[in-house]
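These notes are about the structure you will find just below.
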Amino acid sequence: MRFPLPPNATIGIVGGGQLGRMSAMAAARLGYRCHILTPEEDSPAAQVSAGVTVSDYESPAALREFAAAVDVITFEFENVSAEGLDLLASLKPVRPSPATLRVSQDRLVEKAFLNRAGVPTAPWEAVRSLAELEAAVARIGLPAVLKTTRLGYDGKGQVILRTPEDLPRGFGVLYPKPLIVEGFVDFAAEISVVCARGADGGFSAFDAVENRHRDHILDLTLAPARIGPATAAAARDIAARVAETLDLVGLLAVEMFLCRDGSVLANEIAPRPHNSGHWTIDACPASQFELHVRAIAGLPLPDAVRHSDAVMKNLVGPEETARWPAILAAPGLIPHLYGKVVANPGRKMGHVTRLFSRGTLPDEAAIQAALAAVTGG
Ligand code: AMP
């Protein structure tokens, strides 16, 4: 198959969650079909796709069957084994590349990559023993954050170390997994930039947004972030530098800390659509999902512009999901539900977007009032 992918070509998506679902919906609008690889029966992505291979991500036979059914392969789930990735890449084009995925799979590789690319991060060190942790904390200072290097998300696999007594306790919780310790950033805000890069080097970035977490899970995104033009440019430059250095083909989110002195530190990269970009479905002519599909299909990349400012609120767990009838009845809330049957605590079930005319993102109280149907407030 040659690029650009012609209409009716099939995009293979590894992972069956909401990111795959919304990518498949954007792909359908551009005349493509999607085929999902997921271990889950009745997954959010497969519900809206032309085909599905239900299997774990490791079985060579299933990976071959999946690859045979598609023209290009992309990911909404990053933690496929190196062997699985290599097998897929030997069969069909994989975008973003396996090398890009490997950087994002391991926090040590990721932080080393960022620093090598000239992107500042919190100070960090690898930890293989309690003695190494103590030595690292002697250099980095307290508080610090101890994290597993792999498979951590939504705050899972991390412990904050505030006092010297926390070191053996935190180490005991996470060991024997490979670990990284980072300096704790007393940030003013968390921001992120979602950007896309094409095979021809074309680059598009949405403006930086502000992200608020609750119980380590993204709760609210404010678009744009309330930051000055110099900070916005610094955040965009970091995203551009990361995309360029990775030779990215596809979509990328960079999560960053805005420090109290105005400097910006990168925390994490995700070479896929990102929760902090969901607002773009409703507030932009071309969403993050459309840019993702365009980049991997070799189509022209439009500018990542927005026609409106926006607030996005996640619907997490049973309580917020129970607000669905009120959300549907509330004027101005744009509802999105992901087709998940069971609303376990902490599970992302959907989101709502509220649009505001460009340049009129309101103050905190007005935002809370606009979301009253979701929060019950
Ligand atoms: P992560 O899994 O690295 O994205 O971390 C999840 C969340 O934990 C981040 O969004 C921050 O709210 C918090 N966090 C992670 N690392 C640090 C750090 N070095 N300093 C302060 N907060 C952190």
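Here are some notes:
- Were the residues from Glu40 through Leu337 laid out at 0.36 nm apart, the gain over their Cα-Cα distance would be 105.2 nm.
- Integer Hz, Karplus 6.51/-1.76/1.60 couplings in order for region 367-377, x for Gly and Pro: 5, 4, 5, 5, 9, 4, 5, 8, 7, x, x
- Full-stretch length increase - Ser357, Val173 - with 0.36 nm per residue and alpha-carbon distance subtracted: 61.5 nm
- Among complete DSSP H helices in the chain, those whose alpha-carbon atoms stretch at least 24 Å along the helix's long axis and whose mean Kyte-Doolittle hydropathy reaches -0.5 are 229-246.
- Cut-off under 5 Å, modelled amide H: who pairs with Asp219 long-range: Arg212, His213, Arg214
- Among 78-91, 27-40, the order from most to least packed when residues are scored by Cβ within 10 Å on average: 27-40, 78-91
- For region 187-375, the fraction of alpha-carbon pairs in successive 5 Å shells from zero, as %: 1, 8, 17, 20, 20, 16, 11, 6, 2, 0
- Relative exposure of Ile160, Ile238, Ile281, judged by other C-beta atoms within 10 Å (fewest first): Ile160, Ile281, Ile238
- Projected label points at Phe184 and Arg139, each 7 Å from Cα along the beta carbon direction, are separated by 2.1 nanometres.
- Both radii are taken from the alpha-carbon atoms of region 10-94; with Rh as the Kirkwood radius, Rg/Rh is 0.93.
- The amide H of Ala45, built 1.01 Å from its N in the peptide plane, has Gly17, Arg21 as neighbours under 5 Å, considering only residues 5 or more places off or on other chains.
- Around the amide H of Ile13, modelled in the peptide plane, lie the amide H atoms of His35, Ile36, Leu37, Thr74, all under 5 Å away and 5 or more residues distant in sequence or on another chain.
- Only alpha carbons enter this Debye calculation for region 58-157, each as an equal point scatterer, and the log10 of I(q)/I(0) it gives at q = 0.17 Å⁻¹ is -0.85.
- Taking other Cβ atoms within 10 Å as a rough exposure proxy, Trp279, Trp324, Trp124 sort from fewest to most as Trp324, Trp124, Trp279.
- Derived scalar couplings ³J(HN,Hα) [region 4-13; Karplus, 6.51 cos²θ - 1.76 cosθ + 1.60; whole Hz; x for Gly, Pro]: x, 4, x, x, 6, 5, 10, 9, x, 10
- Computed from backbone phi, the HN-Hα couplings of region 319-325 come to 5, 5, 5, 5, 7, 3, x Hz, rounded to whole numbers (Karplus: 6.51 cos²θ - 1.76 cosθ + 1.60, θ = phi - 60°; Gly and Pro given as x).
- For the chain, the Kirkwood hydrodynamic radius from C-alpha pairs, put into Stokes-Einstein at 4 °C and a viscosity of 1.567 mPa s, yields a diffusion coefficient of 61 µm² per second.
- Model label points for Ser59 and Ala126, set 7 angstrom from Cα along the Cα-to-Cβ axis, are 3.5 nm apart.
- Projected-area mean, region 123-183, by convex hull of Cα positions, square nanometres: 3.5
No value in this document is a laboratory result; all are computed from the given coordinates. Computed from a predicted model, the values in this text were never measured in an experiment. Glycine also receives a Cβ, built like all others from the backbone with ideal geometry; neighbour counts cover every protein chain displayed.
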